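The next block holds one structure in the form of structure tokens; read it before the comments.
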Amino acid sequence: MILETEKQQGTSSSFNYSHEYRDHYRQTGIGYRGVFGKGIFNVDLVQSYSNGDSGVRMISIGGGAYLTDSSALTGRIIKLTNSRNDDAGLGINYRHVFNAKGDTSYMLDADFFAIDDYTHATLEGAVFFTPSSKLFASFTRDAISDDDFDANSDELGIGYQHFFMNRIGLTARYANGDYRSRTGEKESYLDFELQVNL
């Protein structure tokens, strides 16, 4: 949904459920986003599974504000939990919509967070053909750097999102990347997301 439309609603809430699957790995997440005037509140929970075993759980809570009718800046506190330890970090997100009042709009979304020796950065660009429909592409880099282990993984993704009656949004995304795996080969997966606006 275009930022200007969200802000004009004054108060709005949305829930989302996402699921991605690739060989020996899957990730499921749920989230809530609330807009209260110019203020924004976000909370997300993501759980991953590897080879059928529970992997990393990520919980993030944050918020921010609309800087203009077409741009928003948010920050968040993130906690990662796995079988060995708990780590916490900080993240930031900036989103801007260009030509928000025209028939076709463009969006740029930049997201970054760092937790201990792990960093994550995503850059996404999108084209809104209508306020309810967008085509987007993204690039993501994950990096781990510590005394015993260094690794980077890059991912390219493309997807499409459509809202029905501005209430129910469905997103399908295809991604391919060189993930940290035993083989080191590129893998592909599909990611589906359902969003409900209240």
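Points worth noting:
- Failed item in (1) among the hydrophobic types (A, V, I, L, M, F, W, C); (2) open to solvent by 30 Å² or more (accessible area, probe 1.4 Å); (3) under 20 Å from H120 (Cβ atoms), with F36 passing the rest: (3)
- Residue satisfying condition, being assigned to a strand (DSSP E or B), open to solvent by 90 Å² or more (accessible area, probe 1.4 Å) and modelled with pLDDT of 90 or more, within set L156, L194: L156
- Any hit, segment 10-17, residues being among the hydroxyl-bearing types (S, T, Y), crowded, with 16+ Cβ neighbours inside 10 Å and modelled with pLDDT of 75 or more: yes
- Flag for Y106 being at pLDDT 95 or above, out of contact with any Pro (no Cβ under 8 Å at 6 or more places or on another chain), more than 22 Å from G55 (Cα to Cα) and open to solvent by 40 Å² or more (accessible area, probe 1.4 Å): no
- Checking each residue in segment 125-151 for being under 22 Å from R173 (Cα atoms) and touching a Lys or Arg at 6+ places or on another chain (Cβ under 9 Å) picks out A126, V127, F128, F136, S138, D142.
The rows are residues; the columns are (1) hydroxyl-bearing (S, T, Y); (2) modelled with pLDDT of 95 or more; (3) within 28 Å of V35 (Cβ to Cβ); (4) out of contact with any Asp or Glu (no Cβ under 8 Å at 6 or more places or on another chain).
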position: D148; (1), (2), (3), (4): no, no, no, yes
position: N152; (1), (2), (3), (4): no, no, no, no
position: R167; (1), (2), (3), (4): no, no, yes, yes
position: R182; (1), (2), (3), (4): no, no, no, yes
position: S188; (1), (2), (3), (4): yes, no, no, yes
position: L198; (1), (2), (3), (4): no, no, yes, yes
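- Where a residue in segment 51-76 is in contact (Cβ under 8 Å) with a residue 60 or more places away in the chain and its partner, wherever it lies, is among the charged types (D, E, K, R), with Cβ under 8 Å and at least six apart: Y66/K7; Y66/K38; D69/E4; D69/K7; S70/E4; S71/R95; A72/R95
- Filtering segment 45-68 to residues that are modelled with pLDDT of 90 or more, closer than 16 Å to L80 by Cβ and open to solvent by 50 Å² or more (accessible area, probe 1.4 Å) leaves L45, R57, I59, I61.
- Single condition R84 does not satisfy, out of (1) open to solvent by 80 Å² or more (accessible area, probe 1.4 Å); (2) more than 23 Å from E20 (Cα to Cα); (3) modelled with pLDDT of 95 or more: (3)
- The residue of segment 87-103 that is nearest to the chain's Cα centre (by Cα), among those that are surrounded by 15 or more Cβ atoms within 10 Å (Cβ to Cβ) and among the charged types (D, E, K, R), is R95.
- Any hit, segment 22-32, residues being touching an Asp or Glu at 6+ places or on another chain (Cβ under 8 Å) and farther than 21 Å from L170 by Cβ: yes
The values are calculated or read from the model by the stated rules, or taken from the named source; none is laboratory data. Bear in mind that the values here come from a model prediction, so they are computed numbers and not experimental data. Virtual Cβ from ideal backbone geometry, glycine too; neighbours counted across all protein chains shown. SASA here: full protein model, heavy atoms, side chains in, ligands and nucleic acids out. Shrake-Rupley method; radii C 1.70, N 1.55, O 1.52, S 1.80 Å.
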